[in-house]
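Everything below concerns the one structure shown next.
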């Protein structure tokens, strides 16, 4: 039985690598992001009574206090976790999106150097990765200001570490789900929209595909 159990949190991100769900950051008891990094072993038979947690924070803490930030798995052999942040350090807000990457094997974090046009800073955007290792980031809002969401799409090739721009979505969204279909289409559903005077929830029937 695992002796570690994570504390309560929200706005964390998670990725699946093999038979492990890795959890990154989240807003904790202090009402701030955390540098927590841990995983849940879901190898069969998966038992929800005796959950097998492992804390990696002491050996591989996230470089910043993380929350509201999506993550995906990509790179060679799908062995790298990419985390998209709005800060370059805990005390320095960034004007462009910061890409941190973690090699699952070495458990080493890197502030990844990318080519192409780096996206502007965002948080609470959707991130989806396809079978070719390309991560599609859509929507989100600009932090440090009154919430202002966007409909831009940015694509990171995790093999070449290069950014390109995609087409803008017809609906401005933050906090939505992005789901990759077997056909290769990405479907965006729900979320919030602030293209009027107030932030409103988006009707679930207003589906966007990319």
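Read-outs throughout are calculated quantities, based only on the coordinates presented, and are distinct from any laboratory measurement. All figures in this text were calculated on a predicted structure; none of them were measured in a lab. Don't worry about glycine lacking a Cβ; one is built from the backbone with ideal geometry, like all the others, and counts go over all protein chains shown.
Remarks
- Over the chain, relative contact order from alpha-carbon pairs under 8 Å, at least 6 apart, %: 12 percent
- Listed peptides 116-126, 71-81 appear in the order 116-126, 71-81 once ranked by packing, highest mean of other Cβ atoms within 10 Å at the front.
- Whole-angstrom gap from the stretch 15-32 to the stretch 66-81, using each part's C-alpha centre: 12 Å
- Based on Cα atoms of the stretch 1-149, Rg over Rh with Rh as the Kirkwood radius reads 0.96.
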